[in-house]
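Structure, as structure tokens:
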Amino acid sequence: MENIKKYKILVLISVIIIILGPILGFFFNKIILVNQSFVTSETSNNDVQNATAIEFTLVKDQKAVIEFSAFTENVTANLIILSKGTYDLAYAASTAPGSITGEKYFVYSEFTFGDANLAGQAFADDIRTITAEGYWYIEFAGGVDGDYLRYIPGDYVVIVYGTNSGGINLNIYFDLVIKIDGPGDILELLFILIGVGALVAIMLLATIGYLKKTGRGLL
Amino acid sequence: MEKKQVKASLFDKLPLLDKNRAAKFIIYGIIIAIIFGLMMMISYSIAVNAGQWAALANQDNYLNYWNGFYGFNDFIERQEEIEMIALWMAYQDVIFMNIARIGINIGLVFVLIGFLSFAVNDKIDENTRKTSIIIAGLVLFIMIFTTLFSSISVTIN
């Protein structure tokens, strides 16, 4: 009787582990590095030191998703991505972001519902600009080949700079969300494998235990 | 007195079981055959419907992309993943079908021994023994026939 209760609890735990797999996979699919509104000065247009810079690291087979948006009158905001080395060099020299060479290419999407021609919805570029209003969904992995991402691990910096043509207001307002691939897929697979493995083991142990207890062989 | 060594014939070596144990053999054999047969049917069904599943998953992928749940590269990754899973769904049939074939044959060996044991048991009435030997022969015939001729298939619509 005690054994039956023990096996029931073990089966319940295994089922919970299996259910947890997809849930954890969903929540850890992407790790959010940044999700906030930013205000930067118009001086960022002339000196990279004044631009908003967010560093992140990509490992092999990992990419970053950047959602860049701005909805403020007179504001022109630009987003570029540099490798850490290029950024440090430009930072030390107080280079204007617009004249930095070596921006990394990324792919951005223009979601068009019902259009199965995906070639007309995804594009590669090295800069995205928003004037007054706009939203860009950007995917970055280090480089591109056509409209496809090329995975180049390394340290990178997202830089946003711009201008405000509104006279006395010199601020650039924009929103930024940066997410990188998390361990969701591996976690999901691992939990499902552990759960199913445990269920099979419990089934075998329970059968052997029952046959031993009743003193019966299989035949 | 001189001792005579009697060599056991192949018939004597046959695992002869009592009535109860033979019945158990038949039941276990049938259960094993049913479980592996079920595995075979499920595996076949998954393989046949791999394309249907891929079509459904691809449409879901398109909807997610169009709705902006993820970007172009995630779409491509998912597309490749769907293709890989669909190929596995089709290929797993080869693995599980062969495992199931071995399992079914093992089950049928149990059934065969059970019926043969009925047939050679002189405590059972003549008619039952005759029926048992016919069934045992049939089981053996099916086993050999399906092992040697793999292109035989039964389609039930």
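Quick note: the coordinates plus some simple rules give every number you see, no bench work behind them. Here the structure is a predicted model, which means the values were calculated and not measured. Because the Cβ atoms are built from the backbone with ideal geometry, glycine has one as well, and the counts that use them run over all protein chains shown.
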Taking H as built 1.01 Å from N, whose amide H comes closer than 5 Å to the amide H of residue A:52, not counting residues under 5 places away?
A:160
Order by protection proxy (mean Cβ within 10 Å, highest first), peptides A:173-185, A:76-88
A:76-88, A:173-185
To the nearest 0.05, how large is the calculated FRET efficiency for residue A:39 and residue B:64 if R₀ is 51 Å and r is the Cβ-Cβ distance?
0.95
Calculated FRET value between residue A:12 and residue A:207, using beta carbons and R₀ = 25 Å, to 0.05:
0.85
Quick query: amide H of residue A:144 versus all other amide H atoms, modeled in the peptide plane; which residues come in under 5 Å with a sequence gap of 5 or more or a different chain?
A:105, A:150
Ignore the peptide's own chain and count Cβ atoms of other chains within 10 Å of each Cβ in A:118-126; give me the average, rounded.
2
Give me the dipole magnitude in Debye, nearest 20, for the stretch A:1-76 about the Cα centre, with unit charges on the beta carbon: positive for Lys and Arg, negative for Asp and Glu.
840 debye
Compactness of the stretch A:48-181, expressed as Rg and Dmax over alpha-carbon positions, Å:
15.1, 48
Average other protein chain Cβ within 10 Å of Cβ, residues A:146-152
2
All Cα pairs of chain B, percent lying beyond 27 Å
51 percent
Calc'd 3J(HN,Hα), the stretch A:14-23, phi into Karplus 6.51 cos²θ - 1.76 cosθ + 1.60 (θ = phi - 60°), Hz, glycine/Pro = x, comes to 4, 4, 4, 4, 4, 5, 5, x, x, 5
Cα long-axis angle, helix A:184-214 against chain A (0 to 90 degrees, to the nearest 10)
10 degrees
Proximal charge balance of residue A:171 [Cβ under 15 Å; K/R count +1, D/E count -1]:
-3
Peptide A:134-142, shielding by other chains (average Cβ, 10 Å cutoff):
2
HN-Hα couplings for the stretch B:132-144 via Karplus (6.51, -1.76, 1.60; θ = phi - 60°), in whole Hz with x for Gly/Pro, come out as 4, 5, 5, 4, 4, x, 4, 4, 4, 4, 4, 4, 5
Cα centroid separation, the stretch A:98-169 to the stretch B:21-77 (Å):
39 Å
Amide proton proximity set for residue A:182, modelled H, under 5 Å, gap of 5+:
A:30, A:31
Diffing the stretch B:123-128: the Karplus 3J(HN,Hα) column from phi (6.51, -1.76, 1.60, θ = phi - 60°), in whole Hz with x for Gly and Pro, holds 8, 9, 5, 4, 5, 4
Residue of B:55, B:119, B:22 that the Gaussian network model of chain B assigns the largest fluctuation, springs spanning Cα pairs under 10 Å
B:55
Mind ordering B:31-37, A:3-9 by average Cβ neighbours within 10 Å, highest first?
B:31-37, A:3-9
Unit charges on C-beta of K, R, D, E only; dipole of chain A, Debye:
1940 debye
Let me make sure I get this right: for the stretch A:118-174, a, b and c are the square roots of the gyration tensor eigenvalues over alpha carbons, sorted descending. Under 1.5 in a/c it's rounded, otherwise prolate if a/b > b/c, else oblate. Which is it?
oblate
